[in-house]
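Computed from the coordinates by the stated procedures, all read-outs in this text should not be read as laboratory data. Source: prediction; values computed, not measured. With ideal geometry, Cβ positions are generated from the backbone for all residues, glycine too; neighbour counts draw on all protein chains shown.
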Amino acid sequence: MRLTAGWLTRPATQAVCTALSAGGSKAYFVGGCVRNTIINAGVSDIDIATDARPEQVIEFAQSAGLKAIPTGIDHGTVTLVSGGIPHEVTTFRRDVKTDGRHAVVSFSTDIAEDAARRDFTMNALYATPEGTLIDPMNGLPDLQDRRVRFIGDAISRIREDYLRSLRYFRFHAWYGDPGNGMDSDALAAIAQEVDGLGRISRERIGAELLKLLAAPDPAASVAAMRATGVLAQVLPGANDTALGPLIYCEDQANTAPDAIRRLSALGGNHAGDALRLSRAQSARLTTLADNIGSTCDAAELGYRLGYDLAKDVMLLRSAVMGNPWASATDEQLKIGSKADFPVSAKDLMPEFSGPDLGRKLAELEGRWIASGFVATRSDLLAS
Ligand code: ATP
Ligand code: MG
């Protein structure tokens, strides 16, 4: 098979391959860029595998005038920036020692060894700079059948790195065939090794879970996470009953997937902290949780939270209540989010001051909202 893709032939990317081959080394595209090109999915980052050792990669890059950043040099990764685009170049390696979290690696010149240390057959696909596919683990049929399969024995591979259990669900959500079901051996291995996830940092778990939840339809993966005990392990207290309905509502409302909105549907105890989310992500989760059960209608939410956040709340409400998405909701959200309260503190001073001023403003605002945002400044001040 010969791959064709814009990223593959673009000069900036070819320049990286040329730099490595000018030094006498081999360069192969690998991982997501190859996998996604075959199935016509978008390619975001370019990973390159090489038999050159990391210090040689740096030397060859510099000779070719490319910027080299030793991003993960201990594990053999150097980022080469070409035409402003980062390319992650990693030396062929095998993992000599693993403890479920970190690996001690040894560099290799053998592509088959490099393939064997990767997680899933569909992630061990390589392509030459000309686009010729190299498939040491026979991953192509799995990819074409949309089957996520561990390379080697699932239990041993999970024990090397427990994050792979979560990666399994992530890749299934993105690339698995929802009609196929998941491999029962893999699920049994994940269930058996579920405690090991406790050894993985909350940041890594959080990042992985957000990638999973951003998939078009992660409901089947999350259901399998629940069934294997993974969901309770990574997010105690979570419940996935509203997730399927939420995805259905998103679809009806023509709204793009959003990992935080979906995470909110799962609930869970202090998710922001359990998953070490950013301050902004945690704040958004809190706002969503606080408003799902409130009595504010769509227009008021739109006014108070802005369109996007208010829409999230309304989608979550529909999902939790088991209601379909009503298209009129969108109009209400728009009206509220565009509304501007016509009264300011100045209008009430000096008659009101201190806490009285705040109370009076809130009262007038309440009246204005109740009027459907139509009461004017003079209506309100006269009232
Ligand atoms: P994406 O489109 O998300 O970038 P990707 O397949 O490129 O998908 P990365 O996380 O960028 O995923 O990893 C690049 C490659 O490195 C994977 O395709 C896989 O071959 C290998 N890899 C990454 N993480 C692991 C891991 N924990 N265990 C084994 N192999 C891994
Ligand atoms: Mg990648």
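Here are the numbers for this structure:
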| read-out | value |
| --- | --- |
| Top of 283, 61, 223 by mean-square fluctuation, Gaussian network on the chain, Cα under 10 Å | 283 |
| Convex hull (Cα only) mean projected area of region 80-130, reported in nm² to one decimal | 4.9 |
| Relative contact order of the chain, pairs being alpha-carbon contacts under 8 Å that are 6 or more residues apart, as % | 9 |
| Hull shadow area, averaged, region 47-147 [alpha-carbon convex hull, nm²] | 7.3 |
| The chain, helix-only ellipticity at 222 nm - DSSP H runs n ≥ 4, -39,500 (n - 2.57), divided by all residues, nearest 500 | -14500 deg cm²/dmol |
| Largest-first ellipsoid semi-axes for region 337-383, taking √(5λ) over the Cα gyration tensor eigenvalues, angstrom | 19, 10, 9 |
| For the chain: lysine pairs under 26 Å (alpha-carbon distance), excluding those fewer than 8 apart on one chain | 8 |
| Coordinate range along principal axes, alpha carbons of region 153-234, Å, largest first | 30, 27, 19 |
| Per-residue ³J(HN,Hα) for region 247-252, Karplus 6.51 cos²θ - 1.76 cosθ + 1.60, θ = phi - 60°, Hz, x for Gly and Pro | 5, 5, 5, 4, 5, 4 |
| Whole-Hz ³J(HN,Hα) from phi, Karplus 6.51 cos²θ - 1.76 cosθ + 1.60, for region 95-110, glycine and proline x | 8, 8, 9, 9, 10, x, 10, 10, 10, 8, 10, 10, 7, 9, 10, 10 |
| Residues with amide H under 5 Å from that of residue 93, placed H, sequence gap 5 or more | 108, 114 |
| Sequence-separation-based contact order of region 1-144, relative, with Cα cut under 8 Å and 6+ spacing, percent | 25 |
| Exposure proxy ranking, count of Cβ atoms within 10 Å, fewest first, for 351, 193, 363 | 351, 363, 193 |
| Residues 371, 282, 82, sorted so that the one with the fewest Cβ neighbours within 10 Å comes first | 371, 282, 82 |
| Top of 277, 316, 357 by mean-square fluctuation, Gaussian network on the chain, Cα under 10 Å | 357 |
| Calculated from backbone phi, Karplus (6.51, -1.76, 1.60) coupling profile of region 55-66 in Hz, x at Gly/Pro | 5, 5, 4, 5, 4, 5, 5, 5, 4, 8, x, 9 |
| Highest average packing first - 258-264, 72-78, Cβ atoms within 10 Å | 258-264, 72-78 |
| Percentage relative contact order, region 282-383, counting C-alpha pairs under 8 Å, at least six apart | 25 |
| Highest-fluctuation residue, 49, 253, 280 considered, GNM on the chain with Cα pairs under 10 Å | 280 |
| Inter-centroid distance (Cα atoms) of region 265-338 relative to region 39-118, Å | 41 |
| Shape of the chain, Cα gyration tensor, a/c cut at 1.5 | prolate |
